[in-house]
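Below is one structure, written out as structure tokens; comments come after it.
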Amino acid sequence: MLLFAMLPLITFANRVKKEKGIVEPVIEQPVLQNPTAFAIIIDEATYVKCKDAVLKYRDAVEYDGLSAYIVHGEWRDPMHVRQYVEQLYCSKPMLEGIVLVGDVPIAMIRNAQHMTTAFKMNEETFGLRESSVPSDRFYDDLHLKFRFMQQDPEDKALFYYQLTEDSPQTLNPNFYSARIRHTEGIGGDKYQAISNFLEKAAHAKFAMKGNRLDQVVTYNGGSYNYDCLMVYMDEEKAYRENFPLAFNSGTSFKHWNFRMNQPMKYKMFSELLRSDLDLFMFHEHGAPTQQLVNEHRQGNSAEDRYQLMRSELYSAVRRHVERKGLDEDSLLQAIQKKYHLTPAFFKDYKNPAFWEKDSVEDADVYISTADLKGRTTNATMVMFDACYNGSFHDPDYIAGHYIFNPGQTLVCQGNTRNVLQDRWTIEMVGLLSHGLRVGQYNRQVATLEGHLIGDPTVHFAPMLNNTLIKDEVLRANDATFWHQQLQSPYADIQCLSLRKLADLDTLRKSSEFFLAKFKESRFNTVRMECLKMLSRYSNADFTEAVRIGLHDPYERIARSCADFAGRIADPSLVSDVIDVLQGDEELVRCQYALNSSIFLFEEDILLNALDKYFETACRMNASTEHSRAVEAIRQQFAQKKKQEQIIFDKNAKEKDRMMAIRLLRNYPHTGGIDSYLQFVGDEGNPDSLRVIMAEALGWFNHSYRRSDIIRGCRQLLQNNQHPEALRLELIQTINRLK
């Protein structure tokens, strides 16, 4: 039996190239035959330095049930790597996932910001590095097509690619992936650090099969989701569905919040030391080298306000002296006179102890990479849903410090770019309770910027014995099997089944089925997954789900529907939007979304709905509230109309018109679709603006008039005189909206 059909051919081709002096990568075949396979992709230098650890890791992965390839070589560019990954994907057994170890080239993706959750940077005016998305979807989503641009002139590890216009415009990874990349900022010998990590990952495989996911900590940081307490409270509704075993005792699930202490980071350092901790989830803001865990002091007491005043004024004086060369004594006297302060107020201005305390208080708002150096973390998995914490392409990054330390942290989930804080960050995380590998779970929630750092084959023992870890791969196309799994008593298994069934519905005929499930399910996360699947259809069933979901008892669903409502902009939704906007004021983040969404409807329809609401509203000051609401809407629409007029004003500055068009990506006003299509076809507008408008129309993917945009773009394509850039953009917009 020829188990690895293509590998002899690859090996022969490599031998021929080697004889000609061309050194090509080597594929080392798996030792054990298992139902599915995994590939360790590693650069030659790292392989030579870390070979013993690589082999130990390979053996442990195979012991855990995966046939494991090792592919090592001197990689020229990402496409060189991808060619070998594609060859393995076409081989037997089926490739389940890969890990990129060491200095494997990094693809920087452009022309694909619609595949991110929030990243929207002008690729024309900003530099290549900062306006591109570092993404391993280049390797794990083989459906995508790319056009090579160039290698970074300074950082030779980075290579720039554009998503082609005829490529699929949505993500659908063929398998999972992860990075094990040591950077300079982490410190120490990188080869020794990688060896140490691989050895601890290998060792952990032998204990993993008996460890169930029953110890969880989740943390909500300052300024995240507007600090809405309803967001924080309602998350536990989902957590109880995700992690049933973690709620068997009073301390096995800890739901922390930044309000509990100032600072919180030292409590978290202690918690991360726990040897029994399975999962730590950070919900927060961040940067490549920082996690924002608390807020700066708010001045909630007289003493706090006094200290804040001192800190701000002391710092202002120092800045003016250092940056502008002003005389310190004169400046102190001027401030005392202006604010009626006594000299005693500045008694600590030159006291080193004051500045040290002030600096410590400021630093304690964050967990920084400097804090993590020399520190041990033992949580098996750490989630960062913050911006940038997974920036493996940078010289230093938060997630790297969590895996490259002596503790037992094996895998992190993080982002290389900024992310939307209103996304569903815990979607299907409960699959980990049922024994799926972290990589298998992460593949279900793929974004262009989202990555795993560490070992993606990590998994926990399932709550009840099952074969889901194999079924997820081998029975992915078995619709009958996934329909049967909808009878599972566990929410996340149902969610996975819904996802598989939606993937199999290539003709998009099953929206009625998902709507029915949305209406009937008692699981909060199942309803949310149904809503997300219905968003793929963007039809009347989706609109109906959004109408119902605006009133859902799970805040996460109501918040999503608040955003979807404006993007759909079907007039039938307006009365429900007004009802929630006026009646559910405690849903702070939901209110935020609605206050953006209402201006994507038409003004007269909104005002009529507002009149009807207040006709029956039981409000103490209904008349006054009604008048204020009407006035606010009229003012906002007046401002909106002024902004939109700039788009069509051919005498306005081109940069102002361009900025106004770009705003449509965040605020897709369905009522303007006909005018926007005419703008694209108007040769009197600059070609650059016509291209940007064609691109902006691709963000109307949920509009109830989406089919009108597709039809309009196709009509525009019939004109063969359009510039090539515009023609390509129209093709991409059609592909995005189909």
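The values are calculated or read from the model by the stated rules, or taken from the named source; none is laboratory data. Bear in mind that the values here come from a model prediction, so they are computed numbers and not experimental data. Reconstructed Cβ throughout: ideal geometry from the backbone, glycine too, with neighbour counts over all protein chains shown. Note: areas computed on protein heavy atoms with side chains; ligands, DNA, RNA excluded. Shrake-Rupley method; radii C 1.70, N 1.55, O 1.52, S 1.80 Å.
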Positions within segment 516-534 being open to solvent by 10 Å² or more (accessible area, probe 1.4 Å) and of a type in the set (Ser, Thr, Tyr), in sequence order: 521
Some residue of segment 412-433 being open to solvent by 10 Å² or more (accessible area, probe 1.4 Å) and over 20 Å from the mean Cα position of the chain (by Cα): no
Conditions (1) closer than 28 Å to residue 642 by Cα; (2) of a type in the set (Phe, Trp, Tyr); (3) open to solvent by 10 Å² or more (accessible area, probe 1.4 Å); number of the one not met by residue 537: (1)
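This table checks each residue for (1) open to solvent by 30 Å² or more (accessible area, probe 1.4 Å); (2) β-branched (Val, Ile, Thr); (3) touching a helix residue (DSSP H, G or I) at 6+ places or on another chain (Cβ under 6 Å); (4) not in a loop (DSSP other than H, G, I, E, B).
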| site | (1), (2), (3), (4) |
| --- | --- |
| 298 | yes, no, no, no |
| 303 | yes, no, no, yes |
| 307 | yes, no, no, yes |
| 318 | yes, no, no, yes |
| 321 | yes, yes, yes, yes |
| 345 | no, no, no, yes |
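Look through segment 192-241, keep the residues that are assigned to a helix (DSSP H, G or I) and at positive phi, and return whichever of them is nearest to the chain's Cα centre (by Cα).
To start, the set of residues in segment 192-241 that are assigned to a helix (DSSP H, G or I) comprises 192-208, 224-227, 229-241.
Now drop any that are not at positive phi, which leaves 225-227.
On the way: 225: 14, 226: 18, 227: 19 Å.
Restricting to residues being assigned to a helix (DSSP H, G or I) and at positive phi, the top hit is 225.
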Scan of segment 24-62 for residues that are open to solvent by less than 10 Å² (accessible area, probe 1.4 Å) and assigned to a loop (DSSP other than H, G, I, E, B), ordered by number: 25
Residue within segment 479-492 that is open to solvent by less than 20 Å² (accessible area, probe 1.4 Å) and either within 26 Å of the chain's Cα centre (by Cα) or among the basic types (Lys, Arg) (or both) present: yes
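For residue 168, indicate whether it is under 23 Å from residue 87 (Cα atoms) and either out of contact with any strand residue (DSSP E or B) (no Cβ under 9 Å at 6 or more places or on another chain) or part of a helix (DSSP H, G or I) (or both).
On the way: under 23 Å from residue 87 (Cα atoms): yes; either out of contact with any strand residue (DSSP E or B) (no Cβ under 9 Å at 6 or more places or on another chain) or part of a helix (DSSP H, G or I) (or both): yes.
When the stated conditions are applied, residue 168 passes them.
Check 261, 225, 242 and return the single one that is modelled with pLDDT under 95, open to solvent by less than 20 Å² (accessible area, probe 1.4 Å) and among the polar types (S, T, N, Q).
That would be 225, the only listed residue that is modelled with pLDDT under 95, open to solvent by less than 20 Å² (accessible area, probe 1.4 Å) and among the polar types (S, T, N, Q).
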Residues being under 23 Å from residue 625 (Cα atoms) and hydroxyl-bearing (Ser, Thr, Tyr) - total across segment 544-603: 4
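Among the listed residues 125, 116, identify the single one that is surrounded by fewer than 16 Cβ atoms within 10 Å (Cβ to Cβ) and β-branched (Val, Ile, Thr). Break it down stepwise before answering.
On the way: 116 fails: surrounded by fewer than 16 Cβ atoms within 10 Å (Cβ to Cβ).
Of 125, 116, the one residue that is surrounded by fewer than 16 Cβ atoms within 10 Å (Cβ to Cβ) and β-branched (Val, Ile, Thr) is 125.
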Residue match in segment 271-288 (condition: open to solvent by 70 Å² or more (accessible area, probe 1.4 Å), of a type in the set (A, V, I, L, M) and without any contact (Cβ under 8 Å) to a residue 12 or more places away in the chain): no
Where a residue in segment 368-394 is farther than 12 Å from residue 409 by Cα and small (Gly, Ala, Ser) and its partner, wherever it lies, is in a loop (DSSP other than H, G, I, E, B) and open to solvent by less than 30 Å² (accessible area, probe 1.4 Å), with Cβ under 6 Å and at least six apart: 386/284; 390/416; 391/397; 391/416
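Would segment 181-190 turn up any residue that is farther than 27 Å from residue 499 by Cβ, among the hydrophobic types (A, V, I, L, M, F, W, C) and open to solvent by 30 Å² or more (accessible area, probe 1.4 Å)?
First, the residues of segment 181-190 that are farther than 27 Å from residue 499 by Cβ: 181-190.
This time we only want the ones that are among the hydrophobic types (A, V, I, L, M, F, W, C), so: 186.
Right, trim to open to solvent by 30 Å² or more (accessible area, probe 1.4 Å) and you get none.
No, the conditions are met nowhere in segment 181-190.
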Selection count, segment 534-547, where residues are in contact with a Lys or Arg (Cβ under 7 Å, 6 or more places away or on another chain) and part of a helix (DSSP H, G or I): 1
So residue 402, is it modelled with pLDDT of 95 or more and in contact with a strand residue (DSSP E or B) (Cβ under 6 Å, 6 or more places away or on another chain): yes
Residue that is open to solvent by 20 Å² or more (accessible area, probe 1.4 Å) and in contact with a His (Cβ under 9 Å, 6 or more places away or on another chain), where the choices are 649, 674, 708, 687: 687
Among the candidates 67, 91, residue that is open to solvent by less than 10 Å² (accessible area, probe 1.4 Å) and assigned to a strand (DSSP E or B): 67
Conditions (1) out of contact with any His (no Cβ under 9 Å at 6 or more places or on another chain); (2) open to solvent by less than 40 Å² (accessible area, probe 1.4 Å): number failed by residue 698: (1)
Selection from segment 131-180 of residues that are buried (at least 24 other Cβ atoms within 10 Å of the Cβ) and either basic (Lys, Arg) or at positive phi (or both): 137, 179
Restricting segment 540-572 to residues that are acidic (Asp, Glu) and open to solvent by 20 Å² or more (accessible area, probe 1.4 Å), the residue that is farthest from residue 698 (Cα to Cα): 552
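Mind listing just one residue for me: the one in segment 493-515 that is open to solvent by 50 Å² or more (accessible area, probe 1.4 Å) and assigned to a helix (DSSP H, G or I) and, of those, nearest to residue 537 (Cα to Cα)? Let's see the steps before the verdict.
So in segment 493-515, the residues open to solvent by 50 Å² or more (accessible area, probe 1.4 Å) come out as 503-504, 506-509, 512-513.
Filter once more, so that each one left must be assigned to a helix (DSSP H, G or I): 503-504, 512-513.
Values: 503: 12, 504: 13, 512: 10, 513: 12 Å.
Ranking the candidates gives 512 first.
Which one is modelled with the highest pLDDT, of the residues in segment 573-622 that are assigned to a loop (DSSP other than H, G, I, E, B), more than 21 Å from residue 423 (Cα to Cα) and open to solvent by less than 30 Å² (accessible area, probe 1.4 Å)? Please lay out each step first, then the result.
Of the residues in segment 573-622, the ones assigned to a loop (DSSP other than H, G, I, E, B) are 584-587, 601-602, 617-621.
Next, from what is left, pick out any that are more than 21 Å from residue 423 (Cα to Cα): 601-602, 617-621.
Narrowing the set further to residues that are open to solvent by less than 30 Å² (accessible area, probe 1.4 Å) leaves 601, 617.
Working: 601: 97, 617: 87.
Checked segment 573-622; the qualifying residue modelled with the highest pLDDT is 601.
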Given (1) open to solvent by 60 Å² or more (accessible area, probe 1.4 Å); (2) in contact with a helix residue (DSSP H, G or I) (Cβ under 9 Å, 6 or more places away or on another chain); (3) not aromatic (Phe, Trp, Tyr), number of the condition residue 356 does not satisfy: (2)
